[in-house]
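All remarks here apply to the structure that follows.
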Amino acid sequence: MTVEFDYNKPQVIQALRYHFISRKELRIMIILVNVFAILSLVLYLMHLITPVAFLINSVLWMVLTISIWFILPGVVYRRAQTFQQHFTMYFNENDFTLEHEKGRRSWPYTALQTFKETPNFFHLYFDARSFLLVPKDGFKNIEDIGKLREMLRNKTGK
């Protein structure tokens, strides 16, 4: 199966958000900050903390949210030259190959730790931080998307 694609910036930004939110340590931090925000609201309403303390906590919550949702994906997108190139991927029975004008690289499916599927992409994870994004827009038809999904499930055991 052959897939040709260019990356679409809004879709890549959304895929990077999925990636960051799926990280366990980031989810824990978000939960803790939200619990702290709710606690500070309750304490403020009970007049146990000052409005300044509540305001500082609210600003902290907003900065964290904006950083995770907008700044972090934007920085990663701008720094990665990968998202500016045209790619062709070949999925065979034993391996998959990524090719662009500067070179070509093949991996056996055993190199994949796992994969995730989001609305616009397949995320192929080599480890917790190294992954490839394969846009669904590059597939010729919906049947090819289903074939790749099934092949990845069989090859990665997930």
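The values are calculated or read from the model by the stated rules, or taken from the named source; none is laboratory data. What you are looking at is a predicted structure, and each value in this text was computed from that prediction instead of being measured. Every residue, glycine among them, receives a Cβ derived from its backbone with ideal geometry; neighbour counts consider all protein chains shown.
Of note:
- Hey, Leu45 out of contact with any Cys (no Cβ under 8 Å at 6 or more places or on another chain) and either modelled with pLDDT under 90 or among the charged types (D, E, K, R) (or both) or not: no
- Filtered by the rule that a residue be more than 30 Å from Ile145 (Cβ to Cβ), exposed (fewer than 13 other Cβ atoms within 10 Å of the Cβ) and not hydrophobic (A, V, I, L, M, F, W, C), the range 5-50 gives Glu25, His47, Thr50.
- A single member of Val76, Val134, Val63, Val59 is touching a residue at least 40 places away in the same chain (Cβ under 8 Å) and surrounded by fewer than 16 Cβ atoms within 10 Å (Cβ to Cβ), and it is Val76.
- Meets criteria (touching a Leu at 6+ places or on another chain (Cβ under 9 Å) and modelled with pLDDT of 90 or more) for Leu148: no
- Flag for Asp95 being surrounded by 12 or more Cβ atoms within 10 Å (Cβ to Cβ) and among the charged types (D, E, K, R): yes
- Selection status of Tyr18, touching a residue at least 40 places away in the same chain (Cβ under 8 Å), aromatic (Phe, Trp, Tyr) and touching a strand residue (DSSP E or B) at 6+ places or on another chain (Cβ under 9 Å): yes
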